[in-house]
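*Asks:* Below you'll find the structure I mean.
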Ligand code: PMP
């Protein structure tokens, strides 16, 4: 019954839920660690939590469909106009709305091999042709992606940093790429992990918007801001693009609790700083652990890291589950030798590394 593009879809595979594994192993959920969904291991910001609790008092009213307070806070933070912002139920929602607004079944959509799984998904759902450009050193080959643009191309997705590889391009590389993309082709610069980037050479897509009217920058509150459950993301673009996106998105796509928490967390600079510090230390701890075990990994700019555990990684994934440790297999991304592990708290990283060493030892 479903239309052609939808029939061909394979569903997005989320990380295995903690409760499910606890039941399977007969353990208490508190004994399981989940490093599978690139969540923030710190737990929520106190400011976000108390704003969310207060907002529950209004649960019988519809949310502010325009998200005024959150848009105002974002506009101030980034020095943009509120009319440039589109809010989404997670940035996945924004990615999907962008595809629905600008792509039809005759179009092509360009993205990279090993890029975030939602790009092919939203492309296929429309019945458009996804063009997966071979990666270079696990990262986007931006030159090859620009070469892949044809008259049919409506949209290019660039994840910077990319999930699941953690690869990142510098500001110069992104600008050189944007210079090559014709103005009628939209470029989505997905910066879900940008808050973890350190150093001036990394791009802040928002600063490029004036120069490239065909650019849409997408960001999220799910990662460094620690609000994954509440589903809040946004895009910043030209007002003309935002106007179209805002016509198509669901009128109340971000709920009252999420709006309140996101607005409050933007005031919690200390939480963001802590998120960055914990992440940087965790990445280093994991990398050192992999070095000790002689495993290669893809250096990551995100809050996760893809480590090569050998073929098939599925066996090691299962062995880790038996130790109560949930990570993410990435065979679906075409990376059957890797597992992706999200950065946890120091003791979680340690437990994962211990379990990995045991799993590898028993795999021989
Ligand atoms: N983009 C990338 C690159 C991601 O990794 C993710 C989360 N896995 C998202 C977008 C979507 O995040 P959310 O919908 O939670 O905002």
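*Asks:* Please verify whether residue 126 is touching a residue at least 60 places away in the same chain (Cβ under 8 Å), within 13 Å of the ligand (Cβ to nearest atom) and within 23 Å of residue 182 (Cβ to Cβ), treating the condition exactly as stated.
*Replies:* no
*Asks:* Let me ask another. Among the numbered conditions (1) surrounded by fewer than 16 Cβ atoms within 10 Å (Cβ to Cβ); (2) within 29 Å of residue 277 (Cβ to Cβ), tell me where residue 314 comes up short.
*Replies:* Tallying (1) surrounded by fewer than 16 Cβ atoms within 10 Å (Cβ to Cβ); (2) within 29 Å of residue 277 (Cβ to Cβ), residue 314 fails exactly one: (2).
*Asks:* Can you say whether residue 137 is over 25 Å from residue 40 (Cβ atoms), at pLDDT below 95 and more than 13 Å from the ligand (Cβ to nearest atom), as far as the supplied structure shows?
*Replies:* Criteria not met by residue 137.
*Asks:* Related question: Please work out if residue 210 is closer than 19 Å to residue 158 by Cβ and modelled with pLDDT under 95. Show your work before the answer.
*Replies:* Values: closer than 19 Å to residue 158 by Cβ: yes; modelled with pLDDT under 95: no.
Spelling it out, it is not the case that residue 210 is closer than 19 Å to residue 158 by Cβ and modelled with pLDDT under 95.
*Asks:* Let me spell it out: the conditions are (1) crowded, with 20+ Cβ neighbours inside 10 Å; (2) over 19 Å from residue 244 (Cα atoms), and residue 88 meets all of them except one. Which number is the exception?
*Replies:* Here residue 88 clears every test but (2).
*Asks:* Here is a further query. Give the stretch 105-116 a look and list any residue that's touching a helix residue (DSSP H, G or I) at 6+ places or on another chain (Cβ under 7 Å) and either outside any loop (DSSP other than H, G, I, E, B) or on the phi < 0 side of the Ramachandran plot (or both), or say none. Break it down into steps so the answer makes sense when it comes.
*Replies:* At the first step, the residues of the stretch 105-116 found to be touching a helix residue (DSSP H, G or I) at 6+ places or on another chain (Cβ under 7 Å) are 105, 109-112, 114.
Residues satisfying the conditions are 105, 109, 110, 111, 112.
*Asks:* While we're on this one: For the stretch 207-312, which strands (runs of 3 or more DSSP E) that fit wholly inside it have 1 or more residues that are within 13 Å of the ligand (Cβ to nearest atom) and not assigned by TED's automatic domain parsing to the domain that holds residue 354?
*Replies:* Qualifying strands (runs of 3 or more DSSP E): 215-220, 233-236.
*Asks:* I'd like to check something: does the stretch 98-107 contain any residue that is more than 22 Å from residue 151 (Cα to Cα), buried (at least 20 other Cβ atoms within 10 Å of the Cβ) and in the same structural domain as residue 187 (by TED's automatic domain parsing)?
*Replies:* The answer is no, given that none of the residues of the stretch 98-107 is more than 22 Å from residue 151 (Cα to Cα), buried (at least 20 other Cβ atoms within 10 Å of the Cβ) and in the same structural domain as residue 187 (by TED's automatic domain parsing).
*Asks:* What is the residue count in the stretch 327-353 for residues that are touching a residue at least 12 places away in the same chain (Cβ under 8 Å) and either farther than 16 Å from residue 297 by Cβ or part of a loop (DSSP other than H, G, I, E, B) (or both)?
*Replies:* Going through the stretch 327-353 one residue at a time, the tally reaches 15.
*Asks:* Here is a follow-up. Does residue 339 satisfy the condition of being touching a helix residue (DSSP H, G or I) at 6+ places or on another chain (Cβ under 6 Å), within 24 Å of residue 22 (Cβ to Cβ) and at pLDDT 95 or above? Can you show your working first?
*Replies:* Working: touching a helix residue (DSSP H, G or I) at 6+ places or on another chain (Cβ under 6 Å): yes; within 24 Å of residue 22 (Cβ to Cβ): yes; at pLDDT 95 or above: yes.
Considered against the rule, which asks whether it is touching a helix residue (DSSP H, G or I) at 6+ places or on another chain (Cβ under 6 Å), within 24 Å of residue 22 (Cβ to Cβ) and at pLDDT 95 or above, residue 339 comes out as yes.
*Asks:* Every residue in the stretch 162-200 that is within 15 Å of the ligand (Cβ to nearest atom) and part of a loop (DSSP other than H, G, I, E, B), please.
*Replies:* Once the filter is applied, which keeps residues that are within 15 Å of the ligand (Cβ to nearest atom) and part of a loop (DSSP other than H, G, I, E, B), the stretch 162-200 yields 162, 163, 164, 165, 166, 167, 168, 169, 191, 192, 193, 197.
*Asks:* Give me the pairs, please: first residue somewhere in the stretch 224-235 and under 12 Å from residue 265 (Cβ atoms), second residue anywhere and more than 10 Å from the ligand (Cβ to nearest atom) and part of a strand (DSSP E or B), beta-carbon distance under 8 Å, and either six or more positions apart or on two chains.
*Replies:* Correct list of pairs: 232/87.
The values are calculated or read from the model by the stated rules, or taken from the named source; none is laboratory data. Computed from a prediction, not measured in an experiment: that's the story for all the values here. As a convention, Cβ positions derive from the backbone with ideal geometry for all residues, glycine included, and neighbour counts pool all protein chains shown.
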